[in-house]
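Reading through the structure tokens given below for one structure.
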Amino acid sequence: MLDLLNIYQKLLDHYGTRDWWPAESPFEVVIGAILTQNTNWNNVEKAMTNLRQADALTVDAIMNLTLAELEQLIRPSGFFRQKAERLHLFCRYLLDQYQGDLKYLFDQDLNLVRNELLKLKGIGPETADSMLLYAGQRPSFVVDAYTNRLFGRLGVLSGKEKYTTVRDLFMSHLPEDIQLYNEYHALIVIHCKDFCRKRPLCNNCPCVDICLYKQQNC
Ligand code: SF4
């Protein structure tokens with residue numbers, strides 16, 4: 001049987017808990033999940049700092065900004081016009097449907113709220129699952145390019161699976177545990193930055209004894 005818990009334990013033993021997501025409130029997580037699309041976290045932090053300094057980290061404050069003003073504040077995150085529009089649309093939706101309160105949004109049935117999020121412009125499955133898991137504290141596993149790279153090399157994935165297939169694989173082989181999903185995704189990210197890079201650094205990797213790529217390439 002596929003032992004995703006064994007891989008998780010190896011990563012956890014090596015890195016320890018990561019305590020994600022780096023944000024001060026669920027609303028900041030939601031904003032960060034949109035801003036982090038197609039960029040690295042350093043750029044998101046610069047945009048978040050601008051928003052914080054402008055006192056613009058609330059739904060109302062974002063809606064009180066013009067699109068042009070919002071674009072300038074989030075410019076460091078890249079694709080700032082698209083992202084400003086997405087932030088406005090998300091906040092408009094939250095105000096219209098949930099009185100501006102994330103709690104009302106996330107308190108619904110998981111599949112229902114996930115499907116709703118996926119209908120919003122610019123919210124794909126990775127962004128929706130990041131919002132659900134890290135802002136909503138709901139058990140929705142987050143899949144990203146790092147997940148595909150690492151588990152492809154370990155021999156768990158072929159690399160051709162769709163997002164939904166990978167998410168279902170994790171969710172059907174792991175206990176439904178929010179903290180586990182939270183840590184697992186964070187551990188995958190740190191591991192792919194530290195060892196399993198595009199050009200992997202296999203020496204001293206905590207997964208070396210179970211890695212198909214290592215067996216086939218060394
Ligand atoms: S052994 Fe190399 S390829 Fe395998 S998981 Fe570790 S870093 Fe990645």
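In terms of Cα to Cα distance under 26 Å, which lysines are near enough to residue 198, apart from those fewer than 8 places away along the same chain?
Partners found: 10, 46, 160, 162, 214.
I need the phi-derived Karplus couplings for segment 196-204: 6.51 cos²θ - 1.76 cosθ + 1.60, θ = phi - 60°, integer Hz, Gly and Pro marked x.
The phi angles translate into 8, 6, 3, 9, x, 9, 6, 5, 6 Hz.
Helix 4-15: angle to the longest alpha-carbon principal axis of the chain, degrees 0 to 90, nearest 10?
80
Which of 200, 139, 26 moves most in a GNM of the chain, Cα contacts under 10 Å?
Highest fluctuation of the listed residues: 200.
Quick one: order 117, 57, 212 by neighbouring beta-carbon count within 10 Å, fewest to most. Walk me through the intermediate numbers first.
Working: 117 23, 57 17, 212 12.
Listed from fewest to most nearby Cβ atoms, that is 212, 57, 117.
Along each principal axis of its Cα atoms, how long is the chain end to end? Whole angstroms, biggest number first, please.
Result for the chain: principal-axis Cα extents of 56, 35, 30 Å.
Rank the residues 25, 140 as a footprinting-exposure proxy: fewest other Cβ atoms within 10 Å of their Cβ go first. Working shown, then result.
Details: 25 12, 140 22.
Ascending Cβ contact count within 10 Å gives the list 25, 140.
Using the Cα centre of the chain as origin and beta-carbon charges of +1 (Lys, Arg) and -1 (Asp, Glu), tell me which of 141, 26, 14 is placed farthest towards the positive end of the dipole.
Of the options given, the answer is 14.
Scan segment 125-187 for trypsin sites (Lys or Arg not before Pro) in coil per DSSP, keeping those whose Cβ has at most 16 other Cβ atoms within 10 Å, and list them by number. All intermediate terms of the calculation are to be shown ahead of the outcome.
Values: sites: 149, 153, 160, 162, 167; in loops: 160, 162.
Answer in residue order: 160, 162.
Given charges of +1 on the Cβ of Lys and Arg and -1 on the Cβ of Asp and Glu, with all other atoms neutral, how large is the dipole of the chain about its Cα centre, in debye to the nearest 20?
Details: 24 positive and 26 negative charges, 210 e Å.
Its charge dipole is roughly 1000 debye.
So what is the calculated 222 nm ellipticity per residue for the chain, using -39500 (n - 2.57) for each DSSP H run with n of 4 or more, over all residues, to the nearest 500 deg cm²/dmol? Kindly include the intermediate steps, with their values, before the conclusion.
Details: 13 runs with 132 residues, N = 218.
Helices in the chain give a 222 nm mean residue ellipticity of -18000 deg cm²/dmol.
Mean separation of Cα pairs under 8 Å and 6+ residues apart, divided by the residue count of the chain: what relative contact order is that in percent?
Details: 222 pairs, mean separation 53.2, N = 218.
With pairs under 8 Å counted, the relative contact order is 24 percent.
Could you derive backbone 3J(HN,Hα) for segment 39-55 from the dihedral phi with the Karplus parameters 6.51, -1.76 and 1.60 (θ = phi - 60°), listing whole Hz in sequence and x where the residue is Gly or Pro?
So the Karplus estimates, Gly and Pro as x, are 7, 9, 5, 4, 5, 5, 4, 5, 5, 5, 4, 4, 5, 5, 5, 8, 6 Hz.
Could you tell me what % of all Cα pairs in segment 26-135 have separations over 17 Å?
Working: 2892 of 5995 pairs.
Above the 17 Å cut-off, segment 26-135 has 48 percent of its Cα pairs.
Summing Lys, Arg as +1 and Asp, Glu as -1, what charge do residues with Cβ under 11 Å from the Cβ of residue 8 carry, residue 8 excluded?
Working: positive: 10; negative: 3, 13, 177, 183.
Combined, the nearby Lys, Arg, Asp and Glu give -3.
Read-outs throughout are calculated quantities, based only on the coordinates presented, and are distinct from any laboratory measurement. Note that the coordinates shown come from a computational prediction; the quantities given were computed from them, not determined experimentally. Cβ coordinates were reconstructed from backbone atoms using ideal geometry, including for glycine residues, and neighbour counts include every protein chain displayed.
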